[in-house]
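The structure appears right after this line, and notes come after that.
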Amino acid sequence: MARDARPDFIEALARGLDVLRCFQPGRPVMTLSEIAGATGLARPTVRRILLTLEDLGYVRCAERGFALTPRVLELGMAYVNSLSMWDVARPHMQHLVAQTNESTSMAQLDGSDIVYVTRVAVPKIITLSVTIGTRFPAPATSMGKVLLAALPEDELDRVLAQPGRSGITPRWQPDRAALDASLREVRARGWALADEDLAPGIRSVATGVRDGQGRVVAAVNVTVHAAETSLRTLTEEHLPRLLCAAADISQDWALLGSVPSVLQDARVEPAAATVTVTVTAEPVNAGN
């Protein structure tokens, strides 16, 4: 009996997928009878499905029955290849926000700036106005420090030589010696702090997101307002949760086996950079 009475439901396709799902690590080779028993399908039906899948290259005849071919991987990789860093990071960032009740963002380097590519915001009376596509000078941000610290020396020189495009003049404008000292500290401890370096009231911690080869491909942060959250709370309570979230994102991304290009995945056009602290009595849209 068909499992779905809808006119658009293709029972033959569903049966074919049932057959493919029969093959498990514990039974990589199955006989026609075993497949029929596992699916509840008639042997003639299973035979036609197997012959069709064999013709399409998804199964092969083995010594004692049938086995899947590597071409089956294409079905799963179609989904994997459609994922962006945002898809991978989103559940972990949402969990981090639920734990801290603070906003979290992800950024990558573009020249000497960072560009926000992902953000999960929290509606608050005092909120920091940052959108996807916003640029900030990398040395004055926690995420920027993480990303700069991961660069080889020659590439760091090249990146810092590029003029910024954010239009922002940060509070902290270090000379090269001061910046190098800050980056050495980031490399040693694995995370960065920006305590009102960018603008008054903005305080954040950040750490790196790594790919399967251990390379830092993005940075993720927790941002707070200095009037609401102490430096101690940020580093002793929020930072450990951030480090766990970044490790989980890195692990999931490494499992995909590809390096992200999240600048191409940003969901909106790049925005003009602004540093705005908004005070409002109305709830702020969490997507801002």
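The values are calculated or read from the model by the stated rules, or taken from the named source; none is laboratory data. It should be emphasised that the depicted structure is a prediction, and the values quoted were computed from it without experimental measurement. Here the Cβ is made from the backbone with ideal geometry for all residues, glycine too, and neighbour counts use every protein chain on show.
A quick yes/no check of all residues on (1) under 22 Å from Pro240 (Cβ atoms); (2) surrounded by fewer than 12 Cβ atoms within 10 Å (Cβ to Cβ); (3) aliphatic (A, V, I, L, M):
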position: Pro163; (1), (2), (3): no, yes, no
position: Arg171; (1), (2), (3): no, no, no
position: Pro174; (1), (2), (3): no, no, no
position: Val186; (1), (2), (3): yes, no, yes
position: Gly190; (1), (2), (3): yes, no, no
position: Leu193; (1), (2), (3): yes, no, yes
position: Leu198; (1), (2), (3): no, no, yes
position: Ile202; (1), (2), (3): yes, no, yes
position: Thr207; (1), (2), (3): yes, no, no
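When you look at Gly167, is it at pLDDT below 90 and touching a strand residue (DSSP E or B) at 6+ places or on another chain (Cβ under 7 Å), yes or no?
Details: at pLDDT below 90: yes; touching a strand residue (DSSP E or B) at 6+ places or on another chain (Cβ under 7 Å): no.
Spelling it out, it is not the case that Gly167 is at pLDDT below 90 and touching a strand residue (DSSP E or B) at 6+ places or on another chain (Cβ under 7 Å).
Criterion first (hydrophobic (A, V, I, L, M, F, W, C), assigned by TED's automatic domain parsing to the domain that holds Arg165 and at pLDDT 90 or above) does Leu242 satisfy it? So that I can check it myself, show each step before the final result.
Numbers: hydrophobic (A, V, I, L, M, F, W, C): yes; assigned by TED's automatic domain parsing to the domain that holds Arg165: yes; at pLDDT 90 or above: yes.
Yes.
I'm trying to understand the selection: among the residues of segment 161-189, which are among the basic types (Lys, Arg) and in contact with a Ser or Thr (Cβ under 9 Å, 6 or more places away or on another chain)? Steps first, please.
Within segment 161-189, the first condition is being among the basic types (Lys, Arg), and the residues that meet it are 165, 171, 176, 184, 187, 189.
Arg165 - this is the single residue of segment 161-189 that is among the basic types (Lys, Arg) and in contact with a Ser or Thr (Cβ under 9 Å, 6 or more places away or on another chain).
Go through segment 5-44 and give me each residue that's basic (Lys, Arg) and more than 19 Å from Pro70 (Cβ to Cβ). Walk me through it before giving the result.
So in segment 5-44, the residues basic (Lys, Arg) come out as 6, 15, 21, 27, 43.
Matches in segment 5-44: Arg6, Arg15, Arg43.
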